[in-house]
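Enquirer: Please find one structure pasted underneath; my questions will follow.
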Amino acid sequence: MKNTDLYDVIIVGAGASGLMCALQCARRGKRVLLLEKEGQPGRKILVSGNGRCNLTNVYVSAENYQGSQQLVQAVLQKFPFQKCLAFFHSLGVLTVQEEAGRVFPRTGKSTAVAEALRLACAEAGVELKTNSRVVKIEKKQSFRVTLQTAESFYGKYCVLACGSKAYPQVGGTEDGYALARALGHHIEPLTPALCALNVKEKAVARLQGIRAQVRVRVWPGTAQEIQNEGEVLFTSYGLSGPAVLNVSGAVSRALKRGAVPFALDLLPEVPNKQALLKERAALFSQRRAKEFFAGLLHENIANLLIDFAGIRKNVPVKEWTPNTWQTVARTIGAWPFSVVSARPWTEAMAAAGGVNCAEINYNTLESLCCPGLYILGELLDVDGRSGGFNLHFAWGCGFTAALAMPED
Ligand SMILES: Cc1cc2nc3c(=O)[nH]c(=O)nc-3n(C[C@H](O)[C@H](O)[C@H](O)COP(=O)(O)OP(=O)(O)OC[C@H]3O[C@@H](n4cnc5c(N)ncnc54)[C@H](O)[C@@H]3O)c2cc1C
């Protein structure tokens, strides 16, 4: 092998973390080869945020992630929100902030982000090879990286930025796990995250298409109840919407132990449901159940709740027993569902599980099993809430590894 054949860094995967890492390495004067199996870089960036790319979040912090808090904290410390914003502005991407701290490119198009990264990489001298699927990585004195076509490349350092198996329609694959495993890593069990959930209660189909502001409450079998407030969308199979997506990773993990108890607080802004119901009972004592809930709950939700609570529809509320009032208050505060499974990988926006973070140096993202190898982004056992947190983590990983890589 001639010295000119040796790259400083070979990066496998030109997604969010790989593009960022390639750019930062090249800006540090390294000779970088970026290998991508798809015909273009950043396909997941392009579909992200419904094609608008929610690239970061004002409120980015470790609590918004499942997985190793220490690793996430170390990455976010080096690449906080302001740094992320300044970075994209420096690439020429103007941004706008929307509700809940979500940040999007001002053009309203994810192409702005993917194209800015691609151009900056090209300008910094990154060699990008598309349609180049890596099937083998061997570590001797240097790394030998072999493509499906049997062509090999050599690098002093190697970066695995292959992403997760979520959303195979845009390139999600298990390749990264296999490559990491072959270099000595262990993979924490994989389950879909940021996805809708199937529930046992078939009657939920009666609410298909209805949205409501709720607090989701989940008892994943660990000591702590998980809560998330926001919008739920009822579907033919179960529950979706941002509030559900945000707890789906934790639910998905817990499903390995069986069905997961799950409840919706239909009036999260009302701490004392009993008191509210009493007030309404005094005002509307002549009303029957359906009329009683008018203005309080969506009509279809109220109908299902009436059935669920076993209330006789034609009896005026003044005749309800204390037991009925209690059931109604309890159901409004914690309407129970039993989650039986997560939706399939083709609908999951992220993966829970991945390369065990205990095998990674938190500060550098270098592998503790294979020195000189760096592992980034969604391939790691870290998953964030919806709202720009996953892309932020991917950018942060690329930035952290590139800065940590030795000068030579
Ligand atoms: C529909 C959808 C919407 C989303 N919306 C958002 C959002 O708005 N905000 C947000 O924060 N997150 C969002 N996400 C999640 C976010 O896109 C990912 O978390 C992020 O892209 C992960 O970055 P990554 O670099 O780890 O992996 P990716 O960006 O997935 O990049 C991995 C790359 O590696 C390539 N690759 C894999 N194996 C090989 C191989 N063997 N050889 C060569 N190349 C390989 C893949 O083709 C891919 O290009 C969304 C995800 C989906 C699916």
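Enquirer: Would region 375-397 turn up any residue that is away from the ligand (no atom under 14 Å from the Cβ) and of a type outside the set (S, T, N, Q)?
Expert: No, that holds for no residue.
Enquirer: Regarding Ile375, is this residue more than 13 Å from Ala166 (Cβ to Cβ), surrounded by 19 or more Cβ atoms within 10 Å (Cβ to Cβ) and touching a Leu at 6+ places or on another chain (Cβ under 6 Å)? Let's see the steps before the verdict.
Expert: Details: more than 13 Å from Ala166 (Cβ to Cβ): yes; surrounded by 19 or more Cβ atoms within 10 Å (Cβ to Cβ): yes; touching a Leu at 6+ places or on another chain (Cβ under 6 Å): yes.
Answer is yes for this residue.
Enquirer: Do you know which residues across region 144-163 are in a strand (DSSP E or B), more than 12 Å from the ligand (Cβ to nearest atom) and free of Cβ contacts under 8 Å to residues at least 60 places away in the same chain?
Expert: Hits for region 144-163 are Arg144, Ser152.
Enquirer: When you go through Gln141, Gln224 one by one, which is the residue that is without any contact (Cβ under 8 Å) to a residue 12 or more places away in the chain, part of a loop (DSSP other than H, G, I, E, B) and not assigned by TED's automatic domain parsing to the domain that holds Glu63? Spell out how you get there, then give the answer.
Expert: On the way: Gln141 fails: not assigned by TED's automatic domain parsing to the domain that holds Glu63.
Of the residues listed, the single one that is without any contact (Cβ under 8 Å) to a residue 12 or more places away in the chain, part of a loop (DSSP other than H, G, I, E, B) and not assigned by TED's automatic domain parsing to the domain that holds Glu63 is Gln224.
Enquirer: Please identify the pairs in which a residue from region 171-184 that is more than 15 Å from Lys44 (Cα to Cα) has its Cβ atom under 8 Å from the Cβ atom of a residue that is in a loop (DSSP other than H, G, I, E, B) and among the polar types (S, T, N, Q), counting only partners at least 6 apart or on another chain.
Expert: Gly176/Ser164
Enquirer: Also, I was wondering about something else. Being touching a His at 6+ places or on another chain (Cβ under 7 Å), more than 22 Å from Glu378 (Cα to Cα), aliphatic (A, V, I, L, M) and crowded, with 17+ Cβ neighbours inside 10 Å: is that true of Ala263 here? Give the derivation first.
Expert: On the way: touching a His at 6+ places or on another chain (Cβ under 7 Å): no; more than 22 Å from Glu378 (Cα to Cα): yes; aliphatic (A, V, I, L, M): yes; crowded, with 17+ Cβ neighbours inside 10 Å: yes.
Spelling it out, it is not the case that Ala263 is touching a His at 6+ places or on another chain (Cβ under 7 Å), more than 22 Å from Glu378 (Cα to Cα), aliphatic (A, V, I, L, M) and crowded, with 17+ Cβ neighbours inside 10 Å.
Enquirer: Which one of these is of a type in the set (S, T, N, Q), touching a His at 6+ places or on another chain (Cβ under 7 Å) and farther than 30 Å from Arg280 by Cβ: Asn390, Asn361, Asn356? Show your work before the answer.
Expert: Working: Asn390 fails: touching a His at 6+ places or on another chain (Cβ under 7 Å); Asn361 fails: touching a His at 6+ places or on another chain (Cβ under 7 Å).
One residue alone meets the criteria, Asn356.
Enquirer: Filter region 17-48 down to residues that are at positive phi and surrounded by 24 or more Cβ atoms within 10 Å (Cβ to Cβ), then give me how many there are. Full working, then the answer.
Expert: Within region 17-48, the first condition is being at positive phi, and the residues that meet it are 29, 42.
Now restrict to residues that are surrounded by 24 or more Cβ atoms within 10 Å (Cβ to Cβ): 42.
The total comes to 1.
Enquirer: Take Asn314 and tell me if it is over 16 Å from Leu276 (Cα atoms) and within 39 Å of the chain's Cα centre (by Cα). Lay out the reasoning, then the answer.
Expert: Details: over 16 Å from Leu276 (Cα atoms): yes; within 39 Å of the chain's Cα centre (by Cα): no.
No: the conditions fail for Asn314.
The values are calculated or read from the model by the stated rules, or taken from the named source; none is laboratory data. All values reported here derive from a predicted model rather than from experimental measurement. Cβ coordinates were reconstructed from backbone atoms using ideal geometry, including for glycine residues, and neighbour counts include every protein chain displayed.
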